[in-house]
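Shown next, in structure tokens, is the structure this report addresses.
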Amino acid sequence: MKSQYSSIEGPSTASLKIQGSKFIGHAFPVSSRDEAETVLEKIRKKYFDATHHCYAYALGSESEDTRFSDDGEPGGTAGVKIASAIKSAVVSDLILVVTRYFGGTKLGVGGLGRAYYESAERTLKNAKRSTKLLANEIILKFAYSETNRVMNTISVHNIKVLNAQYDEDVTLHLAVLPEKKNELERLLRDNTFGNIAIHTLPRFIVTAG
């Protein structure tokens, strides 16, 4: 499982006209099937008079949860083409819906497949990318006297601080890539001479930057 992967930062759209038919692509970042279904329902309501709403969505660091639909178009001409465009762009955690208004001229199986693929491809090209990290959350607790040693260690290794609490002791919540976790914990213990408590929580998704 990859610990770093690409997604899209926000919604994007693109449109395409071929022999009278209009194709409107919309891509949205999502993190679950429920979010994807909510987006799809909004698109259907917005373009209620359209002929088809074909879509694909990919979730997970390796797009392990991928679904698509032709929504009444000939099998293999729409949903799978949109999914292919997502795969080619190497992005995940998004849904891409291509809405079609039929213009009266049939495009044929090949032409239809190319139209859906190109619509999806254009939509993704218009999207701003984001980087996601499949990280562990590590909670550090230490005395104020150890603050400089801890912060220097974190800074050198470019670790993302999620939250900081300053009470009787200092508590930091960090996002740490799995491959960096053991080394970071070792350095923190060495640099503070063991005067630090470290607790690791399960992995979660965090946007880099």
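Some observations on this one:
- Cross-linked pairs Lys17/Lys87; Lys128/Lys160; Lys46/Lys87; Lys2/Lys128; Lys42/Lys180; Lys125/Lys160: Cα-Cα separations exceed 31 Å for Lys42/Lys180.
- Neighbour net charge for Thr131 - beta-carbon separation under 12 angstrom, K R +1, D E -1: +3
- Rg ratio (alpha-carbon, reference 2.2 N^0.38 Å) - the chain: 1.36
- Cβ-based net charge around Phe142, under 10 Å, with every Lys or Arg adding one and every Asp or Glu removing one: 0
- Sorted into 5 angstrom bins from 0, the C-alpha pair distances of region 8-127 split as 2, 13, 25, 27, 19, 9, 3, 1, 0 percent.
- The relative contact order of the chain, computed from alpha carbon pairs under 8 Å that lie at least 6 residues apart in sequence, is 24 percent.
- As a calculated quantity, the FRET efficiency between Phe193 and Thr131 at R0 = 41 Å, using C-beta atoms, amounts to about 0.70.
- Mean-position separation - Cα centroids, region 8-45 and region 179-209, in angstrom: 39
- Taking label positions 7 Å along the Cα-Cβ direction at both Val90 and Leu201, the computed distance is 3.1 nm, reported to one decimal.
- Annotation for Glu62 and Lys160: the two label points, set 7 Å from Cα along the Cα-Cβ direction, are 2.1 nm apart.
- Estimated distance in nm for a label pair at Lys22 and Asn182, the labels positioned 7 Å out from Cα along Cα-to-Cβ: 5.8
- Near-label residues of region 183-209 by backbone N, under 18 Å of a point 7 Å along Cα→Cβ of Ser31: 201-209
- Under conditions of 20 °C and 1.002 mPa s, region 69-169 yields 120 µm² s⁻¹ as its translational diffusion coefficient, taking Rh as the Kirkwood radius over Cα pairs in the Stokes-Einstein equation.
- The share of Cα pairs per 10 Å bin across region 131-207, counted from zero up to the longest distance, runs 19, 58, 22, 1 percent.
- Separation of alpha-carbon centers, region 86-103 and region 111-143, rounded to whole Å: 12
No value in this document is a laboratory result; all are computed from the given coordinates. Quick caveat, the model's predicted, so the values are computed rather than measured. Here Cβ is always computed from backbone atoms with ideal geometry, including for glycine, and neighbour counts include all displayed protein chains.
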